[in-house]
Amino acid sequence: MTPIPDDLIRHLQQVRHLVIFTGAGVSAESGIPTFRDAQTGLWAKYRPEQLASPEGFHADPQTVWDWYAWRREKCLAAEPNAAHLAIAELERRLPRVTLITQNVDGLHQRAGSSAPLELHGNIHHLKCFACRRDGGDWPDDVRTIPRCRCGGRMRPAVVWFGESLPETVLGAAAEASQHTDLFLSIGTSSLVYPAAELPFLAKRHGAFVVEINPQPTPLSARADLCLQGAAGEVMAALLATNT
Ligand code: BV8
Ligand code: ZN
């Protein structure tokens, strides 16, 4: 079991508003490859930033659609892991918790988290590429790209590189990050903006910032505490200290 430092145990016992910020690393132990190592097999010849972009979809909609269909199947086959479950349990136990995620896989909801702020959208939903109308849930077993009633192609309702994040969601995440006493950043490379700004914003507003990640990231030097380990192990150990 990962040893949890006393000052984090104390912060967790006294926390008034806990903010938890997650990236693809939180889903790694569920078997979902993180963004940078997702390119295996037939996808090896593409860069994620190429596929996860409006230009990529415009140039070759079927390839981008197939990539997301492949990733969505992995998400559906995956189970929430100990990190997702520990986060949902902390939401139940503590006075106030805000969960902010960069992930699009829906595993936080399946673990029992009630209202994650999904900064980058959700792979299980669709929207129209032309008129942006809500396209509902991704229908099972479609090979050809569904069309909107405007005639435009449907696309995954995720935020692509070069696209703005949903204003209300980002606004709520920034608001929470400015009014928290304990901010946990879990499983993110802290590379993708504007999401990666949130822990720095929390730090500037006086939060105790903890990074949980097996590798150092650009946040590590600014964090009050860095726990180098896998999210599932560390979060299970952290939960165990919160009796
Ligand atoms: C924006 C949804 C305004 C899609 C994602 C040039 C042109 C245009 C834009 C830019 C530009 N230069 C910079 C930008 C801004 C750009 C950006 O930040 N680029 C980066 C690459 C430099 N950002 C944007 O474009 C954003 N929009 O800025 O709008 C604008 C408008 C017009 C023009 C300019 C600006 C939109 C960003 C959102 C992109 N969409 N996802 C999809 O999923 O398909 S981001 C995507 O990458 C994922 O959401 C993921 O969270 C994120 C990072 O990828 P990963 O590295 O895999 O994941 P993560 O960061 O979480 O890292 C994994 C970590 O887990 C690692 O640290 C690893 O050590 C750790 N780990 C591994 N195993 C474990 C673990 N941790 C714990 N436990 C384990 N077991
Ligand atoms: Zn449309």
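The values are calculated or read from the model by the stated rules, or taken from the named source; none is laboratory data. Note that the structure is predicted; figures quoted are calculated from it, not measured. All accessible areas refer to the heavy atoms of the entire protein, side chains included, with ligands and DNA or RNA removed. Shrake-Rupley method; radii C 1.70, N 1.55, O 1.52, S 1.80 Å.
Could you state the angle between the C-alpha long axis of helix 82-93 and the longest principal axis of the C-alpha atoms of the chain, as a value from 0 to 90 degrees rounded to the nearest 10?
Its long axis makes an angle of about 60 degrees.
Expressed as a whole number of Å, what is the distance separating the alpha-carbon centroids of region 16-79 and region 167-243?
Comparing the Cα centres of region 167-243 and region 16-79, I get a distance of 21 Å.
Applying the Karplus parametrisation 6.51 cos²θ - 1.76 cosθ + 1.60 with θ = phi - 60° to the phi angles of region 171-177, what ³J(HN,Hα) value in whole Hz is obtained for each residue in order, glycine and proline being reported as x?
With coefficients 6.51, -1.76 and 1.60, one gets x, 5, 5, 5, 4, 4, 5 Hz.
Over the Cα atoms of region 1-143, each weighted equally, I'd like the Debye log10 I(q)/I(0) at q = 0.15, 0.20 Å⁻¹, rounded to two decimals.
Values returned for q = 0.15, 0.20 Å⁻¹ are -0.84, -1.29.
Normalized C-alpha radius of gyration of region 64-177, against 2.2 N^0.38 Å?
Working it through for region 64-177, the quotient is 1.16.
From the phi of every residue in region 179-191, what ³J(HN,Hα) in whole Hz does the Karplus formula 6.51 cos²θ - 1.76 cosθ + 1.60 yield, where θ is phi - 60° and glycine or proline is x?
9, 10, 9, 9, 10, 9, 9, 10, x, 10, 6, 6, 10
In Å², and per residue, what accessible area does the chain have when probed at 1.4 Å with the other protein chains present? Walk me through the numbers on the way to the answer.
Values: 11240 Å² over 243 residues.
Averaged over the residues of the chain, the accessible area is 46 Å².
Given N residues in the chain, what is Rg(Cα) / (2.2 N^0.38 Å)?
Relative to the rule-of-thumb radius for its length, the chain sits at 1.03.
What translational diffusion coefficient, to the nearest whole µm²/s, does region 107-243 have by Stokes-Einstein, given a Kirkwood radius computed over alpha-carbon pairs, a temperature of 20 °C and 1.002 mPa s viscosity? Intermediate values should be presented prior to the final figure.
Working: Rh = 17.2 Å.
Reported coefficient: 125 µm²/s.
Please report the antiparallel percentage of the DSSP beta bridges confined to the chain, to the nearest 5.
30
Per DSSP H run of at least 4 residues, take -39500 (n - 2.57); add these up for the chain, divide by its residues and hand me the 222 nm value, nearest 500 deg cm²/dmol.
Result for the chain, helices only: -9500 deg cm²/dmol.
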